[in-house]
Amino acid sequence: MQQITEPSSTLLGPARYVKRLGSIVTAAVFTFSVGSAQAADWDMPTPYGDSNFHTVNILQFADDVRDATDGELDITVHSSGSLIKHQEIKNSVRRGLVPIGELIMSRLANEDPLFEVDSVPYLASDYDQAWKLWQASKDVLAKRLERQRLKLLFAVPWPPQGIYTQFAVNTGEELKGVKMRAYNKSSEQLADLLGALPTQVEVPDIPTAFGTGRVDAMITSPSTGANTRAWDYLTHFNHAQLWLPKNMVVVNAKAFDALSEESQKALEDAAKVAEKRGWDASKKETEAKIKIMRDNGIKVSEPSPQLVKHLQKIGDAMTQEWLDRADESGQALLDAYKNQ
Ligand code: PCA
């Protein structure tokens, strides 16, 4: 399917978008009226590949919604950024170009630091802490999204983030000058503070970025390491467990309001189930994907005490810097998290 590139100009209503894009887009338009009064076919762009556990979970979510509504709400998932590129998914949903989409929450860090709270190093670096942080943050994040007429449906974490290299990392000093792949503001900032040279690369582009020498190391999870066959271009994985960033699914509020009450409920119910299923799958993913990496020759290690110290120091500086940017709302969120 052809990829939609969002017009950079001013906001257009969905109908005008459809008109404007009509010649290049066939299936990429949300409709309110097929068959019964409020039936809808929804196209859903997602950034990651079909074998990724987030995508598998979302495909199941789409099936659940279809079943529960007897096909009245039919969601078609377009994975790997094939319909809309990751960096454009949020605004495409906001503007009604598509009714629903998935993206990594911390991608919104530049517009609002609160969306980056799950990517502050060592603030919440295991599943229990990540769950608590999610409970403490989801209402405020949902409210911020509401201001953009977006409805937050559910969020699921990636496994803990670690460091992939072509050499052993013992102290962190080894990373100076290394070209390091990053995927959000925090991973970029961390690479910077380690003295590495960060470059943002989307997951589908990782193999090419290594193949062409654009990057020599990366920060990501065991999940993405295994899915991108890290052993083809890397030798070591340090399971540093820096943070657990989350993907979220958001819906255009107008598209949601146009659904029948039954479909709205089916969507919300399926979202609750998908969130739980996604968290469970993420936990299982960590061990399973570490094993796959080991089986393929990657040397997996826990961080040494020196490395932890080095990363903690950087993490403390990043937490402070984040708090300065996030102001009282950031402090309130941290207090809510710590007082749970
Ligand atoms: N995989 C995604 C986000 C975090 C992760 O584990 C990535 O590397 O871009």
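The values are calculated or read from the model by the stated rules, or taken from the named source; none is laboratory data. All values derive from a computational prediction rather than experimental measurement. Every residue, glycine among them, receives a Cβ derived from its backbone with ideal geometry; neighbour counts consider all protein chains shown.
From 205, 216, which residue is acidic (Asp, Glu) and either under 20 Å from residue 46 (Cβ atoms) or without any contact (Cβ under 8 Å) to a residue 12 or more places away in the chain (or both)?
Selected residue: 205, the only one of 205, 216 that is acidic (Asp, Glu) and either under 20 Å from residue 46 (Cβ atoms) or without any contact (Cβ under 8 Å) to a residue 12 or more places away in the chain (or both).
Could you go through the stretch 96-103 and let me know if any residue there is within 16 Å of the ligand (Cβ to nearest atom), among the charged types (D, E, K, R), in a helix (DSSP H, G or I) and surrounded by 21 or more Cβ atoms within 10 Å (Cβ to Cβ).
Within the stretch 96-103, none of the residues are within 16 Å of the ligand (Cβ to nearest atom), among the charged types (D, E, K, R), in a helix (DSSP H, G or I) and surrounded by 21 or more Cβ atoms within 10 Å (Cβ to Cβ).
Which number in (1) within 16 Å of the ligand (Cβ to nearest atom); (2) touching a Lys or Arg at 6+ places or on another chain (Cβ under 7 Å); (3) of a type outside the set (Val, Ile, Thr) marks the one condition that residue 85 misses?
(2)
Look at the stretch 297-340 and say how many of its residues are among the basic types (Lys, Arg) and assigned to a strand (DSSP E or B).
Total satisfying the criteria: 1.
If residue 194 meets every condition in (1) aliphatic (A, V, I, L, M); (2) within 16 Å of the ligand (Cβ to nearest atom); (3) within 22 Å of residue 299 (Cβ to Cβ) apart from one, which number is that one?
Answer for residue 194: the failing condition is (2).
For residue 134, work out the one condition from (1) part of a helix (DSSP H, G or I); (2) more than 16 Å from the ligand (Cβ to nearest atom) it doesn't fulfil.
Evaluating residue 134 over (1) part of a helix (DSSP H, G or I); (2) more than 16 Å from the ligand (Cβ to nearest atom) leaves (2) as the failure.
When you look at residue 240, is it more than 12 Å from the ligand (Cβ to nearest atom), of a type in the set (Gly, Ala, Ser) and within 18 Å of the chain's Cα centre (by Cα), yes or no?
So residue 240 fails the test.
Quick one: which of 19, 90 is outside any loop (DSSP other than H, G, I, E, B) and modelled with pLDDT under 95?
Step by step, each of 19, 90 is checked, and only 19 is outside any loop (DSSP other than H, G, I, E, B) and modelled with pLDDT under 95.
Filter the stretch 244-279 down to residues that are more than 24 Å from residue 48 (Cα to Cα) and without any contact (Cβ under 8 Å) to a residue 12 or more places away in the chain and give me whichever is surrounded by the most Cβ atoms within 10 Å (Cβ to Cβ).
264
Looking at the stretch 54-73, can you tell me whether even one residue there is outside any helix (DSSP H, G or I), touching a strand residue (DSSP E or B) at 6+ places or on another chain (Cβ under 8 Å) and within 16 Å of the ligand (Cβ to nearest atom)?
No, the conditions are met nowhere in the stretch 54-73.
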